[in-house]
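The values are calculated or read from the model by the stated rules, or taken from the named source; none is laboratory data. Being a predicted model, the structure only gives us computed values, none of them experimental. Cβ placement follows ideal geometry from the backbone for every residue including glycine, while neighbour counts extend to all protein chains displayed.
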């Protein structure tokens, strides 16, 4: 296991702000000069020079409680990386890209639904994640034709089976909260396989042209959520009701390490 996350061990700190005020006679002297009472100001100056000044007491402001939000996920340990790679997974370090940034960078998209900043500006996860690029293992089995709640249950069950198989308690399988997480994975895998001699589009023809569900809301209520697909001409981002399921809407086996 890696080192503990300090954000887990301390959920709050008390910060006491100390504020100081001017010295007593100096303060009185300056006030008299502002009022035009020069003799009074000079008297205060003489007393300060002869007998020293008296400081105001330090004033402690009320404690400010700062709550540190624990991070939900963490990087994989070396042990977890070895076990995942042996199990057929490939690990990618996601960088918090947005779909808007990907488009600006010239990445190929065939369609991005017009849902404003909810899709364009929500950044991807910013941690290492693992996927199983084998088309037979990329999606959680029998995750199509299910509403989102049922699919989330399938992801939890898949995570339990993964932990039991690899004997690693912190691994989990999740549905991403951001469409950009899946789009970044598509482009990273395309880059990697292109360097190896054959560019492969996740979700493309090798994967049956299926789509990956996310929990990324596409409307204010969250009743519509985004899904992502891809083909030889680029990435497709659209949305559907979270209360319905279709054969083509699947759950990607996306592996993360949770902070416990």
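Restricting attention to the stretch 247-259, which residues are under 17 Å from residue 149 (Cβ atoms) and in a loop (DSSP other than H, G, I, E, B)?
Selection gives 251 alone.
Does residue 112 satisfy being out of contact with any helix residue (DSSP H, G or I) (no Cβ under 7 Å at 6 or more places or on another chain), surrounded by 16 or more Cβ atoms within 10 Å (Cβ to Cβ) and within 25 Å of residue 199 (Cβ to Cβ)? If you could, list the steps in order and put the result at the bottom.
Details: out of contact with any helix residue (DSSP H, G or I) (no Cβ under 7 Å at 6 or more places or on another chain): no; surrounded by 16 or more Cβ atoms within 10 Å (Cβ to Cβ): yes; within 25 Å of residue 199 (Cβ to Cβ): yes.
So residue 112 fails the test.
When the stretch 232-249 is examined, which residues are found to be touching a strand residue (DSSP E or B) at 6+ places or on another chain (Cβ under 7 Å) and within 20 Å of residue 109 (Cα to Cα)?
233, 234, 235, 236, 237, 238, 239, 240, 248, 249
Rundown of residues vs (1) modelled with pLDDT under 70; (2) surrounded by 12 or more Cβ atoms within 10 Å (Cβ to Cβ); (3) in contact with a helix residue (DSSP H, G or I) (Cβ under 6 Å, 6 or more places away or on another chain); (4) not in a helix (DSSP H, G or I), yes/no style:
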| position | (1), (2), (3), (4) |
| --- | --- |
| 29 | no, yes, yes, no |
| 32 | no, yes, yes, no |
| 39 | no, no, no, no |
| 53 | no, yes, yes, yes |
| 62 | yes, no, no, yes |
| 79 | no, yes, no, no |
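Taking the stretch 139-156, which residues are over 14 Å from residue 249 (Cβ atoms) and within 23 Å of the chain's Cα centre (by Cα)? Full working, then the answer.
Restricting attention to the stretch 139-156, the residues satisfying the condition of being over 14 Å from residue 249 (Cβ atoms) are 141, 153, 156.
Across the stretch 139-156, the qualifying residues are 153, 156.
Go through the stretch 160-184 and give me each residue that's assigned to a helix (DSSP H, G or I) and either under 25 Å from residue 97 (Cβ atoms) or not assigned by TED's automatic domain parsing to the domain that holds residue 236 (or both). Working first, answer last.
Here is the first cut: in the stretch 160-184, the ones assigned to a helix (DSSP H, G or I) are 160-166, 179-184.
Residues satisfying the conditions are 179, 180, 181, 182, 183, 184.
Report the residue count in the stretch 84-127 for those that are closer than 19 Å to residue 216 by Cα, assigned to a loop (DSSP other than H, G, I, E, B) and either in contact with a strand residue (DSSP E or B) (Cβ under 7 Å, 6 or more places away or on another chain) or touching a residue at least 40 places away in the same chain (Cβ under 8 Å) (or both).
11
Check 130, 155, 230 and return the single one that is assigned by TED's automatic domain parsing to the domain that holds residue 91, part of a helix (DSSP H, G or I) and surrounded by 18 or more Cβ atoms within 10 Å (Cβ to Cβ).
Working: 130 fails: part of a helix (DSSP H, G or I); 230 fails: part of a helix (DSSP H, G or I).
Within the list 130, 155, 230, the selection yields 155.
Looking at this structure, is residue 244 assigned to a strand (DSSP E or B), in the same structural domain as residue 92 (by TED's automatic domain parsing) and touching a residue at least 12 places away in the same chain (Cβ under 8 Å)? Can you show your working first?
On the way: assigned to a strand (DSSP E or B): no; in the same structural domain as residue 92 (by TED's automatic domain parsing): yes; touching a residue at least 12 places away in the same chain (Cβ under 8 Å): yes.
No, not satisfied.
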